[in-house]
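Below: the structure, in structure tokens.
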Amino acid sequence: MDLNDLIKKNVMSYGADLCAVADLSTAQEELHAAYGHCFDGLTRGVSFGVYLPFRVVEELLEHPTHTYLAYYDIANALINEIGLRLHNDLLKMGYEAYPIPASQRTGAKNGSIFSHRMAAQLSGLGWIGKSCALVTKEVGPRLRLGTVLTNAPLTPGTPAENLCGDCTLCTDSCPAQAILGRPFDEREDLSLRFDFHKCDAYLTETRQTFGKRICGRCIAVCRFGRPEKNQ
Ligand code: SF4
Ligand code: SF4
């Protein structure tokens with residue numbers, strides 16, 4: 001079995017639903033600008049996803065739920081476990097690796113030490129949608145992402161085509177008008193596509209009414225991954 005197949009087999013056996021490899025050397029400029037040189041030499045990112053329960057996410061279209069928050073934490077814990085186990089596998093094979101912990105709910109500002117979305121997009125797991133979430137053909141944005149950076153000589157995947165097209169579902173459903181409707185372009189600043197302050201203010205409002213910062217309507221509404229009208 002070649003190294004790619006072995007890594008993917010292990011990651012899936014640890015509980016991931018999707019797995020692909022990103023070539024991070026193609027994004028060195030952005031990585032240096034965002035993180036300095038702390039990840040230098042780790043030119044591959046093993047990107048993986050854990051699905052969230054569709055019906056639980058769907059309920060967010062009506063109101064925030066504690067069920068969603070519970071599964072968010074469960075998926076994050078699984079992501080962290082998969083990341084650590086993969087890191088340890090790579091270490092035992094003689095490679096360097098750095099497991100990136102699952103990001104936390106912090107509005108549009110990615111609460112992570114490394115962009116899982118960037119790695120997932122470069123790997124071909126999905127594309128960055130107008131909602132700024134990673135969108136997959138399989139389940140849309142209803143998943144949590146993990147990444148392990150490594151110097152293992154893995155063969156990378158190809159970035160996926162952006163299939164948002166003329167869709168405006170997430171833009172129209174955002175109660176804060178935070179999604180500006182502009183397609184993802186890695187050369188442009190995030191602020192052209194997303195008003196972080198509006199999303200953040202809305203999440204703070206929900207804390208006052210519900211007790212927790214939660215929304216997720218832009219995730220629940222996405223047309224990709226909906227069982228009845230997938231595509
Ligand atoms: S739908 Fe909710 S979570 Fe999504 S951008 Fe708007 S306010 Fe933020
Ligand atoms: S709802 Fe539509 S525009 Fe928004 S991310 Fe999904 S496919 Fe793209």
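The values are calculated or read from the model by the stated rules, or taken from the named source; none is laboratory data. These figures come from a predicted structure and were not determined experimentally. We place every Cβ from the backbone using ideal geometry, glycine too, and count neighbours over all the protein chains shown. Accessible surface areas use protein heavy atoms only, side chains included; no ligands, DNA or RNA. Shrake-Rupley method; radii C 1.70, N 1.55, O 1.52, S 1.80 Å.
Values computed for the structure shown
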| item | result |
| --- | --- |
| Largest to smallest accessible area among Tyr98, Tyr72 [probe 1.4 Å] | Tyr98, Tyr72 |
| Label-to-label distance, nm, for residues given as Ser173 and Asp17 (7 Å Cα→Cβ offset) | 1.5 |
| For the chain, with +1 on Lys and Arg beta carbons and -1 on Asp and Glu, the positive-most of Thr158, Leu52, Asn80 along the dipole | Leu52 |
| Area accessible to solvent at Met118, 1.4 Å probe radius, in Å² | 40 |
| Extension gain from Phe196 to Leu91, taking 0.36 nm per residue of separation minus the Cα-Cα distance | 34.0 nm |
| Glu186 - accessible surface, heavy atoms, 1.4 Å probe, Å² rounded to 10 | 110 |
| The chain - Cys residues lacking any other Cys C-beta under 4.7 Å | Cys19, Cys38, Cys132, Cys164, Cys167, Cys174, Cys199, Cys215, Cys222 |
| Accessible-area ranking of Phe224, Phe196, largest first, probe 1.4 Å | Phe196, Phe224 |
| Efficiency of FRET between Phe54 and Leu84 - r from beta-carbon atoms, R0 35 angstrom, step 0.05 | 0.80 |
| Most mobile of Val56, Val11, Val148 in a GNM of the chain (Cα contacts under 10 Å) | Val56 |
| Cα centroid separation - the stretch 148-206 against the stretch 111-131, whole Å | 9 |
| Overall dimensions of the chain by Cα: Rg and Dmax, Å | 17.2, 53 |
| Cα gyration tensor shape of the stretch 1-112, rounded if a/c is under 1.5, else prolate or oblate by comparing a/b with b/c | oblate |
| Residue-normalised accessible area of the chain, given per residue in Å² at a 1.4 Å probe | 49 |
| Protection-proxy order for peptides 199-210, 15-26, each taking the mean of Cβ atoms within 10 Å per residue, highest first | 15-26, 199-210 |
| Gln208-Glu161 FRET efficiency (beta carbon distance; Förster radius 41 Å; 0.05 resolution) | 0.50 |
| Only Lys, Arg (+1) and Asp, Glu (-1) charged, at Cβ; the chain dipole about Cα centre in debye | 540 |
| Extension gain, Met1 back to Ala77 (0.36 nm per residue minus Cα-Cα distance, nm) | 24.5 nm |
